[in-house]
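Here the structure is laid out as structure tokens; the discussion comes afterwards.
The values are calculated or read from the model by the stated rules, or taken from the named source; none is laboratory data. The shown structure was predicted, so the numbers you read here are calculated from the model rather than taken from an experiment. A quick note on method: Cβ atoms are made from the backbone with ideal geometry, for glycine too, and the neighbour counts reach across all protein chains shown.
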Amino acid sequence: MTKADLIEEVSRAVEMSRKDSEIIVETIFESIVKSLRTGDKIEIRGFGSFRTRQRKPRIGRNPKTGARVDVPAKKIPFFKPSKELKDLVNGSAEAPAASPPAPAEPPAAPPAPEASAT
């Protein structure tokens, strides 16, 4: 799924213009990036969490020349899926909205009055 597909899906789901849906999707992504830049953790219950991890500086090699290259320390974004998301992807759990609740049984009819023999 691409960002354009996601925008189209939001547009269809909430029945709003594609332009408004694009603003919503862009705002969500910008908020996630902004939070990660400041070092905050983002947790979306039932979906997963985003955070940054620090990579140490290291010495790498240029694959073409074989020359040594210093790779500086850097932060990388990291996503950890929730258990619910893992289960949904692996098909071992039903989606909450996928199965409608079972209809309640109608209340039992009151017993018929007995005929009195007088």
For the range 56-93, which positions are hydroxyl-bearing (Ser, Thr, Tyr) and under 26 Å from Leu36 (Cα atoms)?
Ser82
Condition first: surrounded by 10 or more Cβ atoms within 10 Å (Cβ to Cβ), in a loop (DSSP other than H, G, I, E, B) and touching an Asp or Glu at 6+ places or on another chain (Cβ under 8 Å). Can you find one or more residues in the range 89-99 that meet it?
yes
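Condition check ((1) surrounded by 11 or more Cβ atoms within 10 Å (Cβ to Cβ); (2) assigned to a strand (DSSP E or B)) across all residues:
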| residue | (1), (2) |
| --- | --- |
| Phe29 | yes, no |
| Leu36 | yes, no |
| Asp40 | yes, no |
| Glu43 | yes, yes |
| Gln54 | no, yes |
| Gly66 | no, no |
| Glu84 | yes, no |
| Asp87 | yes, no |
Looking at the range 6-29, can you tell me whether even one residue there is within 26 Å of Gln54 (Cα to Cα), of a type in the set (A, V, I, L, M, F, W, C) and not assigned by TED's automatic domain parsing to the domain that holds Lys75?
yes
